[in-house]
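Peer 1: Before we start, here is the structure in question, set down as structure tokens.
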Amino acid sequence: MIDLIQNTLDGAMIGSSYALLALGFTLIFGTMRRLNLAYGPTIMAGAYLGTYAALRLGIGAVPVALLVVAGAALAGLYVERLCFRPFGEGAAITSMISSFAVWMQIEEAATLVLPQHLNAFPPLVAGAPITLGPFFFRLDHLLMLVVAAAAAALVHGVLHHTRFGLGVRTVIDHKRAAELVGVPVMRTLTLAFVLACAIGGLAGFLIAASEAQITPMFGMWATTKGLIAMMLGGLGSLPGAIVGGLALGVIEAHAQWLFGPLVRDLIAWGLLFAVLAFFPGGLLGAREAGQAAALQRRV
Amino acid sequence: MDDHLVGVLCNIGIISFVALSAYVLLLAGEVSFGQQAFFAMGAYAAGMATAVLRWPLAPALLVGALIGALTAAIVGRATLRLTGLYFAMATLAFAEMLRIAFELFVWQVDVDGSLVGPKGTDGFGDIRYLFENEITPAQYMAGVYVLLALVLAGFAAIDRSRFGRMLRQAGADPLLAELQGVSVVRVRLVAAAAAGALAGLGGGLYAHLLTYVEPGNFNIMLGVHSLAYGLIGGLGTVLGPVLGVLIDIGLLESSRLFEGYRMIVFGGLVAVLLIVRPRGLLDERAVHWISSCVKGLAGALAARRLDRSLRRR
């Protein structure tokens, strides 16, 4: 029983970073209606920049975090310009493949900068875990939860209490209508894209810092985890991304403890497959999927 | 021909199968990230058939293709009512599940005093049929290309058939197709099974060429690559995916022209190419232009021949 609760707590803390990953992913999908496969590699570009600076200049955790976020945002701008901006509506597949091409570019560029497979990443905090009764909490995981929650709250605030956020939500609801009421759609799309990559960068920093290492596989890892969390919660739903991320973290923690890492990944993918096959709307995205289905039935 | 060239050509031929497999689904209007799953099924099934069960190559390849088709049909039944991104994700999820399942799958059998068979993450080695039966790489390559030519001929035949039209219709506008009495789900299911068979066949050929496969060979990279080949080469003709494979493996991987930063060059090339030609090099317009050129040329030749024969009289 104690193990059960401990695993759930650990899972929720790690899940908070998955939630942040999924939040960025969903923001891109919601505004663009396209999948950015290069999302994970974009984050990796930032993380490699941070690692490189930490190794060469010996800077601390906070400047590294800023570098990671800035690097991810910059790489995101590159992806947006190359893979999303040039294509009009209805070219979702083209954008997807194009973002995959950029994925390969970033991955190779990262290995050229730091040729070693495994690179040390500066940890966020060092120190003994806090014990609370029978449970213990790793400091960096706690900090991960706090930072992720703060970031999610900040994103919520930006989306709901600023003019830019209103624009983003309008674009998510209906791009054409947003254009008609005077939202600068193109600028909003670019800004939302860059913001999403910055959020992803923060998530990437938290994860890399708690693992204290980074490999060229990180890009693929971040894309797949973000994808699963996003789809679990429901495509295009921002609260769904948070729920999906937390759920994925908790499920993975239990599966890892019970069956080991291989079966953990098998369960994560199996869950995604089952959700898609049986509840295509995800946990919180049912509204949109239901609408589409209703529309099809009516036709 | 030297061995390196034969190896590269074999590889191009084999990867073309999985690229064509993704292309079939693109025609039907579905994007699959998971054709590598059926490629893996074919590789493992055909490999086990020759290496463990000591079957000859041809029935082993056939079984690989059949298992690919069967799995694809079962997965298709569960997922084909999804569209767009949902379908793409479902296929990816299935492929990753299968890859991990192969990492857990151990089935080793004593064959002539040594253990043969899939061994989880350590992979599946000693698929030595070609070696044991003294088939040279050049002979194998010829076999691969004969099969590929048959498949391409089959595509050409289907393109002119009623089913081919239904397939393109379902891909271009599923709603309109449905209104005209085409059962889109059924057409897509047949397409998915055919795509699974193609990938399974390619997988069997792949396992026998390499003699060793491991689950890591069949990851998302292979899936997205095979999808990308069609988009680079062009969606207008069945030769498009083959052209895509030729450009990537033939030109960039094998020439070692950009050793060390090949992916940066290839990735940039693809991204820019897609901006300039969103439906690939051989898109519908290019195909139309080429075919009208060929027809024009043939017409001109025929006219000249007629002219000459008239003059002779």
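The values are calculated or read from the model by the stated rules, or taken from the named source; none is laboratory data. Everything quoted here is computed from the prediction, not taken from an experiment. A quick note on method: Cβ atoms are made from the backbone with ideal geometry, for glycine too, and the neighbour counts reach across all protein chains shown.
Peer 1: State all residues of the stretch B:70-117 that are among the aliphatic types (A, V, I, L, M), within 11 Å of another protein chain (Cβ to nearest Cβ) and touching a residue at least 60 places away in the same chain (Cβ under 8 Å); if no residue qualifies, say none. Spell out the reasoning first.
Peer 2: Step one: list which residues in the stretch B:70-117 are among the aliphatic types (A, V, I, L, M), which gives B:70, B:72-75, B:78, B:80, B:82, B:85, B:88-90, B:92-93, B:95, B:97-98, B:100-101, B:104, B:106, B:109, B:111, B:115-116.
The next check asks that each one be within 11 Å of another protein chain (Cβ to nearest Cβ); those that pass are B:75, B:78, B:80, B:82, B:85, B:88-90, B:92-93, B:95, B:97-98, B:100-101, B:104.
Listed by number, the residues that qualify are B:V75, B:L80, B:L92, B:A95, B:L98, B:I100.
Peer 1: Taking the options B:F87, B:F102, B:F163, name whichever one is surrounded by fewer than 22 Cβ atoms within 10 Å (Cβ to Cβ) and assigned to a helix (DSSP H, G or I).
Peer 2: Working: B:F87 fails: surrounded by fewer than 22 Cβ atoms within 10 Å (Cβ to Cβ); B:F102 fails: surrounded by fewer than 22 Cβ atoms within 10 Å (Cβ to Cβ).
On inspection, the qualifying residue turns out to be B:F163.
Peer 1: Can you tell me which residues in the stretch A:231-249 are within 23 Å of A:L9 (Cβ to Cβ) and surrounded by 20 or more Cβ atoms within 10 Å (Cβ to Cβ)?
Peer 2: A:L232, A:G233, A:G240, A:A241, A:I242, A:V243, A:G244, A:G245, A:L246, A:A247, A:L248, A:G249
Peer 1: Shifting gears a bit: Of all residues in the stretch B:105-116, which are in a loop (DSSP other than H, G, I, E, B) and at pLDDT 85 or above?
Peer 2: B:F105, B:W107, B:Q108
Peer 1: Test B:V245 against the stated conditions and say whether it is surrounded by 18 or more Cβ atoms within 10 Å (Cβ to Cβ), within 24 Å of B:G68 (Cβ to Cβ) and more than 14 Å from every other protein chain (Cβ to nearest Cβ). Spell out the reasoning first.
Peer 2: Details: surrounded by 18 or more Cβ atoms within 10 Å (Cβ to Cβ): yes; within 24 Å of B:G68 (Cβ to Cβ): yes; more than 14 Å from every other protein chain (Cβ to nearest Cβ): yes.
For B:V245, the condition - surrounded by 18 or more Cβ atoms within 10 Å (Cβ to Cβ), within 24 Å of B:G68 (Cβ to Cβ) and more than 14 Å from every other protein chain (Cβ to nearest Cβ) - is met.
Peer 1: Also, I was wondering about something else. Could you tell me which numbered condition B:T211 fails, if it satisfies all but one of (1) within 14 Å of chain A (Cβ to nearest Cβ); (2) on the phi > 0 side of the Ramachandran plot?
Peer 2: With respect to (1) within 14 Å of chain A (Cβ to nearest Cβ); (2) on the phi > 0 side of the Ramachandran plot, B:T211 is out only on (1).
Peer 1: Restricting the stretch B:106-118 to residues that are buried (at least 16 other Cβ atoms within 10 Å of the Cβ) and not small (G, A, S), which is farthest from B:T50 (Cα to Cα)?
Peer 2: Result: B:P118.
Peer 1: If you go through the stretch B:192-206 one residue at a time, do you hit one that is surrounded by 19 or more Cβ atoms within 10 Å (Cβ to Cβ) and without any contact (Cβ under 8 Å) to a residue 12 or more places away in the chain?
Peer 2: Going through the stretch B:192-206, the residues surrounded by 19 or more Cβ atoms within 10 Å (Cβ to Cβ) turn out to be B:192-206.
Of the ones still in play, those that are also without any contact (Cβ under 8 Å) to a residue 12 or more places away in the chain are none.
No, because not a single residue in the stretch B:192-206 is surrounded by 19 or more Cβ atoms within 10 Å (Cβ to Cβ) and without any contact (Cβ under 8 Å) to a residue 12 or more places away in the chain.
Peer 1: For B:A37, are the conditions met, namely being modelled with pLDDT of 95 or more and of a type outside the set (S, T, Y)? Before you say what the answer is, go through the steps one by one.
Peer 2: Values: modelled with pLDDT of 95 or more: yes; of a type outside the set (S, T, Y): yes.
So B:A37 fits the description; yes.
Peer 1: Among the listed residues B:L274, B:L227, B:L252, B:L239, which satisfies the condition of being away from every other protein chain (no Cβ under 14 Å) and either of a type outside the set (K, R) or in contact with a strand residue (DSSP E or B) (Cβ under 6 Å, 6 or more places away or on another chain) (or both)?
Peer 2: None of the others qualify; the one that does is B:L239.
Peer 1: Looking for something within 14 Å of another protein chain (Cβ to nearest Cβ) and under 26 Å from B:F17 (Cβ atoms) - is there at least one such residue anywhere in the stretch B:282-305?
Peer 2: Yes, that holds for at least one residue.
Peer 1: Being in contact with a helix residue (DSSP H, G or I) (Cβ under 7 Å, 6 or more places away or on another chain), aliphatic (A, V, I, L, M) and in a helix (DSSP H, G or I) is the filter here; which residues of the stretch B:203-219 pass it?
Peer 2: If the condition is that a residue be in contact with a helix residue (DSSP H, G or I) (Cβ under 7 Å, 6 or more places away or on another chain), aliphatic (A, V, I, L, M) and in a helix (DSSP H, G or I), then B:L205, B:A207, B:L209 are the ones that fit.
Peer 1: Also, I was wondering about something else. A:G260 fails exactly one of the following numbered conditions: (1) of a type outside the set (D, E, K, R); (2) on the phi < 0 side of the Ramachandran plot; (3) out of contact with any helix residue (DSSP H, G or I) (no Cβ under 8 Å at 6 or more places or on another chain). What is the number of that condition?
Peer 2: (2)
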